[in-house]
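Q: Have a look at the structure that comes next, please.
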Amino acid sequence: MKRLSIRWRLSLYFAVAVAGIVMGFGIVLILITRQQLLARTDAALREELREILLEAELHLSVTDFQKAAQTRFYHHDIYDFVVVDERDSIVFVSAGLTREQSVQLTQNDDAKSVVFATKQLSGTSTIRSARSTLNSQFGSLRVFSVTSLQPLLDELQTLEMVAIGLVPVALLIAVAVGYLLAGRALAPVTAICETANSITIDSLHSRIEVPN
């Protein structure tokens, strides 16, 4: 099998190096973007959680809170809410979640501070939740704010597809650029070889030019 010329080998080495850099940059970019989108989602969930906690603090009875929550939080843009009491009974659940999903969300949960979690509930896409506790006038409550992570996942998927599509494009450009650069770098060597090959018994006076 005929070996590739030095020029082509240098071009391919250069292309592989560029492709590796592009892939590394793409992975880092996706990770950073994911972290930023998740942080933005968590900040919004924390704010929504704060609002419903304030609502619970304003009322002296569970009935009054349920009426107010039904008005303000039953339909609330892209966010849903679940409130359970100290006996794990559901006090309030917004329109976007079923009772079964509410139980899945609240089970095995005993942390005291604001906690963020990513879960897969039955019948839904992946969700992100924020949870905190409150000692209200009508008992201890655990309050959850919830939103779907599907928009975030869709953005990441688009970014991944763009990054994947850039790799072959970068590889082709790198091969072309590498071939040109290798040709320029090897031009003196090529000239030396051509001059050396032209020296015969009849032209022993020929010399290889050496630039100063």
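The values are calculated or read from the model by the stated rules, or taken from the named source; none is laboratory data. Predicted model only: the values in this text are computed from it and were never measured. Cβ coordinates were reconstructed from backbone atoms using ideal geometry, including for glycine residues, and neighbour counts include every protein chain displayed. Surface areas here come from the heavy atoms of the whole protein model, side chains and all, with no ligands, DNA or RNA. Shrake-Rupley method; radii C 1.70, N 1.55, O 1.52, S 1.80 Å.
Q: Please go through (1) modelled with pLDDT of 90 or more; (2) under 20 Å from LEU152 (Cβ atoms) for VAL93 and return the number of the only condition it doesn't satisfy.
A: Only one criterion in (1) modelled with pLDDT of 90 or more; (2) under 20 Å from LEU152 (Cβ atoms) is unmet by VAL93, namely (2).
Q: If GLU57 passes every condition in (1) crowded, with 18+ Cβ neighbours inside 10 Å; (2) farther than 17 Å from THR147 by Cα; (3) charged (D, E, K, R) but one, which one does it miss?
A: Single failed check for GLU57: (1).
Q: Restricting to the range 62-86, what's the tally of residues that are at pLDDT 90 or above and either of a type in the set (S, T, N, Q) or part of a loop (DSSP other than H, G, I, E, B) (or both)?
A: 8
Q: Can you say whether ARG3 is at pLDDT below 85 and either out of contact with any Asp or Glu (no Cβ under 8 Å at 6 or more places or on another chain) or surrounded by 13 or more Cβ atoms within 10 Å (Cβ to Cβ) (or both), as far as the supplied structure shows?
A: yes
Q: On to the next question. In the range 175-202, what residues are of a type in the set (Gly, Ala, Ser) and at pLDDT below 85?
A: GLY178, ALA182, GLY183, ALA185, ALA187, ALA191, ALA196, SER198
Q: Residues LEU45, LEU49, LEU134: which one is open to solvent by less than 30 Å² (accessible area, probe 1.4 Å) and in a strand (DSSP E or B)?
A: Of LEU45, LEU49, LEU134, the one residue that is open to solvent by less than 30 Å² (accessible area, probe 1.4 Å) and in a strand (DSSP E or B) is LEU134.
Q: Moving to a separate point now. Given ALA174, ALA185, which one is open to solvent by 50 Å² or more (accessible area, probe 1.4 Å), farther than 30 Å from VAL82 by Cβ and in contact with a helix residue (DSSP H, G or I) (Cβ under 8 Å, 6 or more places away or on another chain)?
A: ALA185
Q: In the range 120-150, which residues are more than 14 Å from ASP42 (Cβ to Cβ) and free of Cβ contacts under 8 Å to residues at least 40 places away in the same chain?
A: The answer is GLN120, LEU121, SER122, GLY123, THR124, SER125, THR126, THR133, ASN135, GLN150.
Q: Within the range 117-127, how many residues turn out to be buried (at least 16 other Cβ atoms within 10 Å of the Cβ) and touching a Lys or Arg at 6+ places or on another chain (Cβ under 8 Å)?
A: 1
Q: Same structure again: Residues being in contact (Cβ under 8 Å) with a residue 40 or more places away in the chain and polar (S, T, N, Q): count how many of those fall in the range 1-35.
A: Adding up the residues that qualify gives 2.
Q: Regarding PHE25, is this residue surrounded by 13 or more Cβ atoms within 10 Å (Cβ to Cβ), of a type in the set (Phe, Trp, Tyr) and part of a helix (DSSP H, G or I)?
A: yes
Q: Would you mention how many residues in the range 137-171 are of a type outside the set (Val, Ile, Thr), out of contact with any helix residue (DSSP H, G or I) (no Cβ under 7 Å at 6 or more places or on another chain) and surrounded by fewer than 16 Cβ atoms within 10 Å (Cβ to Cβ)?
A: 11
Q: Further question on the same structure: Go through (1) of a type in the set (Phe, Trp, Tyr); (2) open to solvent by less than 50 Å² (accessible area, probe 1.4 Å); (3) over 30 Å from SER61 (Cα atoms) one by one and return the number of the condition TYR179 breaks.
A: Of the numbered conditions (1) of a type in the set (Phe, Trp, Tyr); (2) open to solvent by less than 50 Å² (accessible area, probe 1.4 Å); (3) over 30 Å from SER61 (Cα atoms), the odd one out for TYR179 is (2).
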